[in-house]
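Chemist: Here's a structure for you.
The values are calculated or read from the model by the stated rules, or taken from the named source; none is laboratory data. The structure displayed is predicted, hence computed values, not measured ones. Heads up, the Cβs are rebuilt from the backbone with ideal geometry, glycines too, and the neighbour counts pull from every protein chain shown. Accessible surface is based on the protein model in full, side chains and every heavy atom, while ligands, DNA and RNA are left aside. Shrake-Rupley method; radii C 1.70, N 1.55, O 1.52, S 1.80 Å.
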Amino acid sequence: MTEIEQRAAELRTELDRHNQLYYVHNRPEISDREFDALMAELIQLETDHPQLQRADSPTQRVGGAPVDGFESVRHDPPMLSLDNSYDAEELDEWIARLGRQAPGVELSYVAELKIDGVSISLRYVDRVLTQAVTRGNGEVGDDITVNVRTIRNLPLRLPEDAPAEVLLRGEIFMPRDVFQRLNREREARGEALYANPRNTTAGTIRLLDSREVSRRNLAVTVFAAANDLGLGSHGETLEQLKAWGLPVADSWRRCADGAALQAFIEHWGTERHGLSFETDGVVIKVDSLALHDQLGRTGKAPRWAIAYKFEAEQAQTRVLGIGVQVGRTGVLTPVAELEPVLLAGTTVKRATLHNYEDLARKDVRVGDLVRVEKGGDIIPKVLGAVLEARPPGALPYVMPTICPVPACGQAVSRFEGEVAVRCVNVACSAVVAQSIGHFVSRNAMDIEGLGSKSIELLLREKLVSDYTSLYELRFDDLSGLDGWGQKSAENVLEQIEASKQRPLARLLFAIGIRFVGVGVARVLAERFRDLDGLMKAEREDLEDTPEIGPKVADSVLRFFADSSNRERLDKLRSYGLRLDQPAPDAVPDVADSPFAGKTVVLTGTLSMPRSAAKKRLEAAGAKVTGSVSKKTDLVVAGESAGSKLEKAQKLGVEVIDDAGFSELLAALDA
């Protein structure tokens, strides 16, 4: 071994040790500056000598250049889901059922907190992390290895006493303090807050730029081995995994019977908010691995495990006031201002009342004591007023007849057939600010650095008047603004320039045509290919497009008939924005596919995520639409399928259930 190779090996060993001390044991021995210096030295060595680069190097944790996409991987064995229980009676029934299935056997259990994150499969080959795959539909998931390598509490190499090959199951999650920090940063930039840690985790692990994933500071916990480690119980497995340096939650407990399980559930039902992660329940498993084989599984869940879900937490507090927010389409949304109350580990001060119909039905009044519930979202919901505690003189809330924005003050309207009350003044400052915010959002033109506070500042300084004027901004306009500098101005202008190349589908969503969301915008862009083609479309052309019904067609026609809208689009054209949709990828060979050329509708709850099912169908040559019509060839109906199934049966459209759908997909993969 050369001196350089020896130094690289020493650095890898030392950095791995410090990662374990910091992220797993919470016992750092060196400062961040010292750690960064060691990392920088290793990065430089691997850059100068590429032959030193290894998959298990700590340098893999900083992330690399963006990738094109994720490959699909088949799970072997499949990743099963869990049946749920919600109260002590259902848990007792499960225990009794186990007794009938394994008569005469003394059962014992392991109880673990159910971390609210994203399930992951981790494969180590020659003790090196070689593959990380999302759960997907349990049969097939996405290979996100490049992103998972950035998670610092997960070892990239197992010790020499571990088997050469280990297949693990775990959960990726975002620690509470990381989530709160991200939202504080977004709030400071005036950007919309992330809804909850789980959704943020799910979005983060699918980012194509692993450098951004690395910055998000995700964590992982490992809770099972999917291959035989030669151990007798699940508890022994957890102990062994921890001994190998894998992140295993310390909160798990062996429980001898149902009473011990209930004690564990009750304890964490009240203490869970002190944890560093979100949990939505307890997973209970039979401890004996031999019994796992004996008890087996149902169609998609093991009989030897069950999830006990905690109830959404409720609290009571006083309504101090009812305010109104005006959205980008002019919709007025009432919001309850609350006396601060601790709920689900956070202090709640506001709760949405959705719309005036909801407000009137619940009859919430200023001064009322109300019940609020929070099931994981940032803004909780008001369940209703405690009528017996209503103070004397509390009056029903009166819907405003004029826009509450001081600089607007125009009359509001309620259109026939709609619940929403709207400000119809397109020049209303709140409407303009919200429409610009929508235009720059991630799913629209994706212009980073322009949060609500920045947009309000630009409007106040009269530097913008609507979303088109963003493309008129210059460096001198921005660099002198309060809180801005040269770098901020340059970054925003670069983002604005880059947005000019967004495809037509993004633009159609960005400009705010009513009823045109992300999916419908993509359908329109792919059908008409460019803006001129869409603007010239007749009603028949629109309604002949899958997923476009009369309501959407009316909205599109009204939008393009409006001279002010056409004027804004002409401006965007003059600024050099792309106004076409790129050609779709080459159509795969689907000659043997049962879905080739068929129009398919998905409805109900399926065993795989709806997005994954849509992706599989499209890859198999199908067109997936959102509504059933005479042109529909096939409806896939999962659990709780409703009106779409009824319409399909009425029209005589072929219907298959979830199991039949899975069989057809399996035949394609054979």
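Chemist: Taking a quarter of the surface of the Cα convex hull of region 593-670, what do you get in nm²?
Modeler: Value for region 593-670: 4.4 nm².
Chemist: Then there's this: Here is the link list: K285/K309; K598/K650; K536/K631; K615/K647; K309/K349. Which ones come out longer than 22 Å on Cα distance?
Modeler: Cα-Cα > 22 Å for K536/K631; K615/K647; K309/K349; rest within.
Chemist: Need one number: nm distance between label points at H49 and D250, each 7 Å from Cα along Cα→Cβ, rounded to one decimal.
Modeler: Calculated label separation equals 3.9 nm.
Chemist: To continue, here is another question. Roughly speaking, to the nearest percent, how much of region 130-232's 1.4 Å accessible area is carbon and sulfur?
Modeler: The computed percentage sits at 49.
Chemist: Across region 154-171, in residue order, what do the Karplus-derived ³J(HN,Hα) couplings come to in whole Hz, using 6.51 cos²θ - 1.76 cosθ + 1.60 with θ = phi - 60° and x for Gly and Pro?
Modeler: So the Karplus estimates, Gly and Pro as x, are 9, x, 7, 9, 8, x, 5, 7, 7, x, 4, 10, 9, 10, 10, 10, x, 9 Hz.
Chemist: If you don't mind, another one. Thinking of region 173-276 as a set of Cα atoms, what percent of all their pairs are more than 15 Å apart?
Modeler: When all Cα pairs of region 173-276 are counted, 73 percent exceed 15 Å.
Chemist: So the label point goes 7 Å from the Cα of Q294 along Cα→C-beta, right? Which residues of region 107-128 then have their backbone N under 17 Å from it?
Modeler: 107-110
Chemist: Mind ordering 131-139, 359-367, 84-92 by average Cβ neighbours within 10 Å, highest first?
Modeler: Put in order of decreasing packing, that is 131-139, 359-367, 84-92.
Chemist: Stick to Cα atoms and the Kirkwood definition of Rh, then tell me Rg/Rh for region 40-148.
Modeler: Answer for region 40-148: 1.17.
Chemist: Then there's this: Between A583 and E311, how high is the FRET efficiency from 1/(1 + (r/R0)^6) when r is the Cβ-Cβ distance and R₀ = 56 Å? Nearest 0.05.
Modeler: My answer for the efficiency is 0.65.
Chemist: Can I ask one more? Would you kindly give the portion of the calculated P(r) for region 370-509 that falls above 25 Å, as a percent of all Cα pairs?
Modeler: 50 percent
Chemist: Given N491, G512, L473, which one lies farthest toward the positive end of the charge dipole of region 471-515, if we put +1 on the Cβ of every Lys and Arg and -1 on the Cβ of every Asp and Glu?
Modeler: Most positive-ward Cα: G512.
Chemist: From Cα pairs below 8 angstrom and at least 6 apart in sequence, can you work out the relative contact order of region 500-654, rounded to a whole percent?
Modeler: Result for region 500-654 is 21 percent.
Chemist: Hey, can you find the accessible area per residue of the chain for me, probe 1.4 Å, expressed in square angstrom?
Modeler: Accessible area per residue: 50 Å².
Chemist: Around E3, under 14 Å between beta carbons, what's the net of Lys plus Arg minus Asp minus Glu among the other residues?
Modeler: -3
Chemist: Also, I was wondering about something else. Can you list the HN-Hα couplings for region 89-106, worked out from phi with the Karplus curve (6.51, -1.76, 1.60; θ = phi - 60°), rounded to whole Hz and with x for Gly and Pro?
Modeler: Calculated HN-Hα couplings, in order: 5, 5, 5, 4, 5, 5, 4, 5, 5, 4, x, 6, 7, 10, x, x, 9, 7 Hz.
Chemist: Take the solvent-accessible surface of the protein heavy atoms, probe 1.4 Å, and return the percent of it on region 512-578 that carbon and sulfur atoms account for.
Modeler: 46 percent
Chemist: Just for the chain, what percent of DSSP beta bridges are antiparallel, to the closest 5?
Modeler: Among the beta bridges of the chain, antiparallel pairing accounts for roughly 85 percent.
Chemist: May I have the pair-distance distribution P(r) for region 312-399, computed from all Cα-Cα distances with 10 Å bins from 0 and rounded to whole percent?
Modeler: Pairs per bin, as whole percents: 18, 52, 26, 3.
Chemist: Give the residue list of trypsin sites (Lys or Arg not before Pro) in region 412-468 that are DSSP loop and have at most 14 other beta-carbon atoms within 10 angstrom.
Modeler: The qualifying sites are R414, R442, K462.
Chemist: Okay, moving on. Where does region 156-228 land on the Kirkwood hydrodynamic radius, alpha-carbon pairs, in angstrom?
Modeler: Radius from the Kirkwood sum: 14.3 Å.
Chemist: In terms of Cα to Cα distance under 17 Å, which aspartates and glutamates are near enough to K453, apart from those fewer than 8 places away along the same chain?
Modeler: Those aspartates and glutamates meeting the cut-off are E185, E187, E191, E461, D466, D477, D482.
Chemist: Any idea how far the Cα center of region 483-550 sits from the one of region 188-251, in Å?
Modeler: Cα centroid of region 483-550 versus Cα centroid of region 188-251: 36 Å apart.
Chemist: Please report, to two decimal places, log10 I(q)/I(0) for region 110-235 at q = 0.10 Å⁻¹ as given by the Debye formula with identical point scatterers on the Cα atoms and no solvent.
Modeler: The Cα Debye sum returns log10 ratios of -0.35.
Chemist: If you don't mind, another one. Would you mind calculating the relative contact order of region 103-236 from Cα pairs under 8 angstrom and at least 6 residues apart, reporting the percent as a whole number?
Modeler: Computed over region 103-236, the figure is 30 percent.
Chemist: Please name which of I95, A525, L359 has its Cα lying farthest along the dipole of the chain towards the positive end, using unit charges on Cβ (Lys, Arg +1; Asp, Glu -1) and the Cα centre as origin.
Modeler: Sorting the options by dipole projection puts first L359.
Chemist: Counting Lys and Arg as +1 and Asp and Glu as -1, each charge on the Cβ, what is the dipole of the chain about the Cα centre in debye, to the nearest 20?
Modeler: 1820 debye
Chemist: Taking loop as defined by DSSP and a crowding limit of 12 other beta carbons within 10 Å, which chymotrypsin sites (Phe, Trp or Tyr not before Pro) in region 371-444 fit?
Modeler: Hits after loop and neighbour filter: F415.
Chemist: So, in Å, what gap is there between the alpha-carbon centers of region 341-364 and region 317-336?
Modeler: One Cα centre to the other: 10 Å.
Chemist: Can you give the Rg to Rh ratio for the chain, taking only C-alpha atoms and Rh from Kirkwood?
Modeler: Ratio value, two decimals: 0.97.
Chemist: In angstroms, what radius of gyration and Dmax does region 461-604 have, counting Cα atoms only?
Modeler: According to the Cα coordinates of region 461-604, Rg and Dmax are 19.0, 63 Å.
Chemist: Note down the relative contact order for the chain as a percent, whole number, built from C-alpha pairs under 8 angstrom at least six residues apart.
Modeler: 9 percent
Chemist: Further question: At E3 and A188, where each label point lies 7 Å from the Cα along Cα→Cβ, what is the point-to-point distance in nanometres?
Modeler: Distance between the two pseudo-spin positions: 4.5 nm.
Chemist: No other cysteine beta carbon under 4.7 Å away is the test; run it over the chain and list who passes.
Modeler: Cys with no partner Cβ under 4.7 Å: C255.
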